[in-house]
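A short worksheet on the structure shown next.
Where a number appears in this text, it was derived from the coordinates with a stated rule and is not lab data. Keep in mind the model is a prediction, meaning the values are calculated, not measured. Neighbour counts are summed over all protein chains in view; Cβ atoms, including those assigned to glycine, are modelled from backbone coordinates with ideal geometry.
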Amino acid sequence: MNSNAAFLKKLVDINCVKFGDFTLKSGKQSPFYVDLRNIVSYPDLLAELSGFFKHHLNGNVQRICGVPYAALPMATAISLHTGIPMLIKRKETKNYGTKKVLEGEFNKGDKVVVIEDVITSGESLVETIRELENEGLIVEQILVVLDREQGGTKRLKDKGYNITPLFSISSLLQTLHAENFIDSEVVNKVAAFLAENNNIIPDKTDGIKQLAKAHHNPIAQKLLDIAHSKKSNLIASVDLTKSNDILHFLNKVGHGICAAKLHIDIVEDFSEGFISELKSIADRHRFLIIEDRKFADIGNTQLLQLSKGIFNISSWADMVTIHLISGEAALKAIQQWDNNNKPALIPIVEMSSEGALTDKAYAEKCKSFMFNYPEVIGAVCQTENIASGWLKFTPGVNLSTAGDGKGQQYNTPLHVIENLRSDFLIIGRGLYLAEDPETELDKYLSEARKSSLFS
């Protein structure tokens, strides 16, 4: 038995690679599962793996960095094996002290080899690379233990990076089958799965135009038209409590957003003059207004909340959010409402807060009826398949993935676009609490425009 076969057989023996029927994080069923973290309990195997890495190592590299967390012990083993200094990239940036992203000593311009355990979409690698390059380091090489052959390696190569997987899932299958460790049935099942899932990065070429064709609601059409002309799918969530602060912020970022999302009931000095100036800024910068009211009452009460009281939401909001906890009757009431200022509806189907009760069963129930109403243009959701074919809005977007300690969990722009397949990204504190919102906005736009949504 050759060394490659023996090593791969050991990965199967210690359950780093399994064959069977597994539900992936995306909800898809897979005939194989890979989790290399168990290798840390086998130092001889970890040392053997570092030898494989050393064989492929570029002689120009000056630092080693493992993608957290699974690749950190691998990077440590390689550093000990080669004497090349190691860096640790934090998964969450420190919010105290030096607020470092990277631990370890380095100089700008140092060439780095990035180590990853498994590559699927390549998202975690893209995030790590961005952090390294932001610190002035040069990513010279990327080495990966196992390529799942689902688009990630091609994605990194297309971006111009030198990436080398030690093994692919196909080579693993061939090797194990040749040594009679797995039978032909397993090989065929995995091969069929790979054929159906060989590129998990969604093809959204000319995506906005395609979405526009499918949506007849005039507000949805207008939102998509703005997104297309601005090349922006960003929505600013403005949870500020003073009217002047809100207006000042939107004047700064209005040029780069397609909508602003407000909580009008937290504005301490609300007035009709504020609404007048808000609409003026929205017209001047060409963005729409979402009132994040999250209606959750019976139909008649919701109609009163929309059109009565000091806020008179329907007179100025283009879109409003709504919970469907009261059932389909609430949507029927709004559909039958005879009002020329009827806003578009965005149901909250899944929330970004930790421990949210909007589980899969609730989401599926909402999905079963909400899109029967032309006022509903999409949904606020966190997973891939809830709003398929409709506009998908995902909150909790932040360049940092650290939560706020109050239940909010963040998603990076690339994760939201490429893995969750969202159409519109809702960004809150990452923008309105930034020292320089305009500069920060440019960073988000740069990330969002990497999507083929705007090609």
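So how far apart, in nm, are the two label points at Asn180 and Glu435 if each is 7 Å from Cα heading toward Cβ?
Output for this residue pair reads 6.7 nm.
Quick one: if you stick a label point 7 Å off each Cα along the C-beta vector at Asn134 and Phe270, how many nm between them?
For Asn134 paired with Phe270, the spin-label model returns 3.6 nm.
Explain nothing, just the number: dipole magnitude of segment 3-196 about its Cα centre with +1 on each Lys and Arg Cβ and -1 on each Asp and Glu Cβ, in debye rounded to the nearest 20.
520
Place the peptides 357-364, 3-10 in order of packing, highest mean first, counting for every residue the other Cβ atoms within 10 Å and averaging per peptide.
For the peptides 357-364, 3-10, the packing ranking is 3-10, 357-364.
If the chain between Ser170 and Asn4 were fully stretched, how many nm would it gain, using 0.36 nm times the residue separation less the Cα-Cα distance?
The span from Ser170 to Asn4 would gain 58.4 nm if fully extended.
Where the eigenvalues come from the Cα gyration tensor of the chain, what are the semi-axes √(5λ) of the equivalent ellipsoid, largest first, in whole Å?
Each semi-axis is √(5λ); the values are 46, 26, 18 Å.
To the nearest 0.05, how large is the calculated FRET efficiency for Ser315 and Lys231 if R₀ is 25 Å and r is the Cβ-Cβ distance?
0.25
Out of the DSSP beta bridges found with both residues in the chain, what percent are antiparallel (nearest 5)?
Roughly 15 percent of the DSSP beta bridges within the chain come out antiparallel.
Let's test the formula: R0 of 51 Å, r as the Cβ-Cβ distance of Thr241 and Lys111. What FRET efficiency results, to the nearest 0.05?
The formula returns an efficiency of 0.60 here.
If contacts are Cα pairs under 8 angstrom and at least 6 residues apart, what is the relative contact order of segment 207-454 in percent?
Averaging sequence separation for qualifying contacts and normalising by length gives 20 percent for segment 207-454.
Subtract the Cα-Cα distance of Gln335 and Asn60 from 0.36 nm times their separation in residues, and report this length gain in nm to one decimal.
Result for the pair: 92.5 nm of gain on full extension.
For segment 115-206, which trypsin sites (Lys or Arg not before Pro) are in a loop by DSSP, counting at most 15 other Cβ atoms within 10 Å?
Listed in order of number, the matching sites are Lys159.
List the relative contact order of the chain as a percent without decimals, with contacts defined as Cα pairs under 8 Å and 6+ residues apart.
11
Taking 0.36 nm per residue of separation and subtracting the Cα-Cα distance, what length does fully extending Asn162 through Asp283 add?
Extra length from Asn162 to Asp283 when fully extended: 38.9 nm.
Can you pull the one-decimal nm distance between simple spin-label points at Asp442 and Asp21, each 7 Å off the Cα toward Cβ?
Result: 5.4 nm between the two label points.
With the dipole of the chain worked out from charges on the C-beta (+1 for Lys and Arg, -1 for Asp and Glu) around the Cα centre, which of Ala330, Val187, Val238 lies farthest toward the positive end?
Result: Val187, furthest along the dipole toward the positive end.
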